[in-house]
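Every number here is computed from the coordinates shown, using simple stated rules; none is lab data. Every value quoted in this text rests on a predicted model; they were computed, and no experiment measured them. Here Cβ is always computed from backbone atoms with ideal geometry, including for glycine, and neighbour counts include all displayed protein chains.
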Amino acid sequence: MHLYEFITHNWRELLALAGEHLRLVAEAMVLAVLIAVPVGVLLTRRKRWQRPVLGLASVLQTVPSLALFGFLIPLPFGGIGARSAVIALVLYALLPILRNTVAGVEGVDKSVREAAVAMGMTGRQILAQVELPLAAGVILAGVRVATVISVGVATIAAAIGAGGLGTYIFRGLRQNDNTLILAGALPAALMAIAFDWLIGLAEARIGAGTARASGRVLRRRVALAGLALVVVGALVAFSAWRGWRAYVTGRRAPVVVASKDFTESVLLAELLAQTLEAQGVPVARRYELGGNLAHDALTAGEIDVYPEYTGTSFTAILKHEPVTDARAVYEQVRREYAERFNVETGPPLGFRNDFAILVRGADARRLNLRTISDAVPSARNWRAGFGQDFMSRADGYQGFARTYGLRFAAPPREMDLSLTYRALAERQVDMIAGNSTDGLISALDLTQLEDDRRYFPPYEAVYLARRDPLARTPALRAALERLGNTISTEEMRRLNYEVDGRHRAAADVVREWRQGKGL
Amino acid sequence: MNQQPDIAEVVSFRRVSYAVPGLAAPVISALDLDVRRGETLVLLGESGCGKTTTLRLVNRLLVPTGGTVLVEGRATTDWDEIELRRRTGYVIQDAGLFPHFTVARNVALVPTLAGWAEARVGARVDELLALVGLEPARFAGRYPRELSGGQRQRVGVARALAADPPLLLMDEPFGALDPLTRAALQREFLSLRDRLGKTCIFVTHDVREALLLGTRIALMEAGRVRLLATPEEFRQSDDELARAYLATLQLD
């Protein structure tokens, strides 16, 4: 789908996301100015503190944004959603505003300051009438830098469920869809440029107090700036209204359904959400949480239920060594989640999303390959490409190669998981490790080789739900029971492909599937 | 205003010293000096002789490290510093005008701080601008950077006079001006001083200016007053440094 077509079809959502984005940035900037300007002024009065405070602000700015978001989730004032995102944006914005406030106030002409003192102005009068007005241009330049940074960082906020234009970017990255990436990145870039220009204008306006731009040019600029402000204000208001509505429905919604940040997780969450709504249970959706945020949010009580894989819970959350017996893994996850997190594990959904060792279908047919062991002799002439995750994790490449005695022509290429499919289809590599339910497996005519030595641990799909909402909402337990054992691996592949390959909306795909199943 | 005409000395230095930590010699040492009501006392000396420091001790921009500076018979440290400064006009070399204020707002500064009514402030600004030779209608709305050096210095003087302070401190106010402008401003200063009857302490390194404007001249060297004399006495003095200064006049 082309960008133009995408935008014309999705302009409502795009506008909502842009509004969320603006609101994150606007709230963060107001807070950052309220904090950094007074602190910056204080630093000009207590010069000894300048180095440690500015140093701290610099350190904050070097913390990777995703790490900072992750760090904020478990804190009482953090959590998933916009609040943590705004806090992170504020932390990033402190340094440029602090530094420019200090520079601006200290840059006030010595003779002007001396005159102010000698005229009998009090410290407060000098600050309000002389230092701040004269430093305003420099301070505003700092705000400008901070704002442009924030527009960029706010795209990452989508990973913790704060929404904004990053939602499209992450979705596009996951689905290998450049149109989606552009639909998020382009408006964000435009927004950054617009802020840069707008605040630059305000800077010029302040300078004009002493320099005097020609009246007509100035009036035209002010009119343009006013127009831009109206647009920004309208978007922020729109987003605030939506936020309020979401808040109101969120309060009525007894069940908060979340998903991790990949298509299958979104599909499974949406399936549960629609099933609940069909029972008349209001649902709040918190989709596309990055990394292990869904788990953190579940144990923090921010969300009620999300789809997970037993293997992930077993190794990544409970930190056990990989085990290959699916039944044993499920039982242990169920027991430990109940004890440690007060979380119940629903019945398996019927399919597994294991690591899938994939080769081109043509090769499999030509060489008559069915199992991984069949492929070992051929592999000596092959190249392999694996995702970073597979290369590094405990149940990944090292043990896999050892178990099968696999040797390749060259060490495996490490690349982004979504790129390995394309690399395999385009014959740049000959073997990859994908996910067994990936829609691209059928779409690209790939063959999954059987794990005949049972190396890979099982990744059965299940719903994890907190006990509280289960007790509160009987319909939730009923829905979990009913969805048990309803989706085959083949079906899951098809659903995934509808979204990833054909770029359809997850909600529509789920609705059709439910109708087809007569649910 | 807090004028106390019964005290003849507006400002008195009593064994005043001022030392800066880390500096071997004090900037001012054991200075005794009286400034009489209505006179213009010129502090004359080379750069670094302590004349600007002496001036800054008067409105408590600096506090003496030894001795006492009395203003109207009261130690500067006993004054409320804000009150002391508002009744002391201050003019510096580059005027120190607020670049983001118009001429009118610059001049109106102290009256506004003192809480004068708006109409009274406006009238006062017009009066002062006229007094220093700037037509109010033309100059009131301008910003400092739209003025020449001489015009800025006139605004600086107007600002210092705005709240009618009994004491004026002037730190080389005409030092950065071209000779013709300087001569004009010096003449105007003389006529202003005679009309307004202000007490004035005037810092300069220009002996011609000192002789022209001073009722008395304090010749300073290394933080001390070396010679205190009227201009006539100064011309006749056999002090070595005074003679050296006078010699520069004959060269012209």
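Would you list B:217, A:372 from fewest to most Cβ contacts within 10 Å? Let's see the in-between values first.
On the way: B:217 27, A:372 23.
Final ranking by Cβ density, sparse to dense: A:372, B:217.
Can you give me the three principal axis dimensions of the stretch A:356-465 from its C-alpha atoms, in Å, biggest first?
Largest first, the stretch A:356-465 extends 47, 31, 25 Å along its Cα principal axes.
In angstroms, what radius of gyration and Dmax does the protein assembly as shown have, counting Cα atoms only?
39.6, 123
Could you please rank B:57, A:417, placing first whichever residue has the fewest other Cβ atoms within 10 Å of its Cβ? Don't jump to the answer; show the numbers that get you there.
Working: B:57 24, A:417 20.
With the fewest neighbours first, B:57, A:417 line up as A:417, B:57.
The stretch B:1-70: which GluC sites (Glu not before Pro) are DSSP loop and have at most 15 other beta-carbon atoms within 10 angstrom? Each step should come with its number before you reach the end.
Details: sites: B:9, B:39, B:46; in loops: B:39, B:46.
Sparse-neighbourhood loop GluC sites (Glu not before Pro): B:46.
List the aspartates and glutamates whose Cα lies under 12 Å from the Cα of residue A:319, skipping any in the same chain that are fewer than 8 positions away.
Counting by Cα, and skipping residues close in sequence, residue A:319 has these aspartates and glutamates nearby: A:336, A:395.
Find how many whole Å separate the alpha carbon centroid of the stretch A:291-316 from the alpha carbon centroid of the stretch B:26-52.
Distance between centres, Cα-based: 79 Å.
As a footprinting exposure proxy, order A:33, A:323, A:143, B:103 by other Cβ within 10 Å, with the fewest listed first. Let's see the in-between values first.
Working: A:33 19, A:323 15, A:143 24, B:103 27.
Taking fewest neighbouring Cβ atoms as first place, the list is A:323, A:33, A:143, B:103.
Which listed residue (B:63, B:95, B:107) has the Cα farthest towards the positive end of the charge dipole for the stretch B:1-130, taking +1 on Lys and Arg C-beta and -1 on Asp and Glu C-beta about the Cα centre?
The Cα lying farthest towards the positive end belongs to B:63.
Express in nm, to one decimal, how much length is gained between residue A:241 and residue A:186 on full extension, taking 0.36 nm for each residue of separation and deducting their alpha carbon distance. Provide the component values of the computation, followed by the final result.
Numbers: separation 55, 0.36 × 55 = 19.80 nm, distance 2.44 nm.
Working it through step by step, the gained length comes to 17.4 nm.
Placing +1 at every Lys and Arg Cβ and -1 at every Asp and Glu Cβ, with all other atoms neutral, what dipole size does chain A have around its Cα centre, in debye to the nearest 20? Numbers along the way, then the final one.
Values: 60 positive and 49 negative charges, 350 e Å.
The calculated dipole for chain A is roughly 1680 debye.
Return the loop-located trypsin sites (Lys or Arg not before Pro) in the stretch A:39-133 (DSSP other than H, G, I, E, B) with at most 11 other Cβ atoms within 10 Å of their own Cβ; answer none if there are none.
Qualifying residues, ordered by number: A:46.
With unit charges on the beta carbons (Lys and Arg positive, Asp and Glu negative) and the dipole taken about the Cα centre of chain A, which residue among A:474, A:125, A:361 sits farthest to the positive side?
Most positive-ward Cα: A:125.
Would you tell me the mean number of C-beta atoms belonging to other protein chains that fall within 10 Å of each C-beta in B:81-93, as a whole number? If you can, show how the numbers build up before the last one.
Details: counts 3, 7, 1, 1, 5, 4, 1, 3, 2, 6, 2, 4, 1.
If you average over the peptide's residues, the count of other-chain Cβ atoms is 3.
Apply the Karplus curve 6.51 cos²θ - 1.76 cosθ + 1.60, θ = phi - 60°, to the phi angles in the stretch A:503-516 and return the couplings in whole Hz, x for Gly and Pro.
6, 9, 6, 4, 4, 5, 4, 5, 4, 4, 5, 5, 5, x
Can you return the lysines within cross-link range of residue B:198? Criterion is Cα-Cα under 22 Å, with same-chain partners fewer than 8 residues away left out.
Within the straight-line limit of under 22 Å, residue B:198 reaches these lysines: B:51.
Among A:58, A:289, A:14, whose Cα lies farthest out toward the positive end of the dipole of the protein assembly as shown, if unit charges sit on the beta carbon of Lys, Arg (+1) and Asp, Glu (-1)?
A:14
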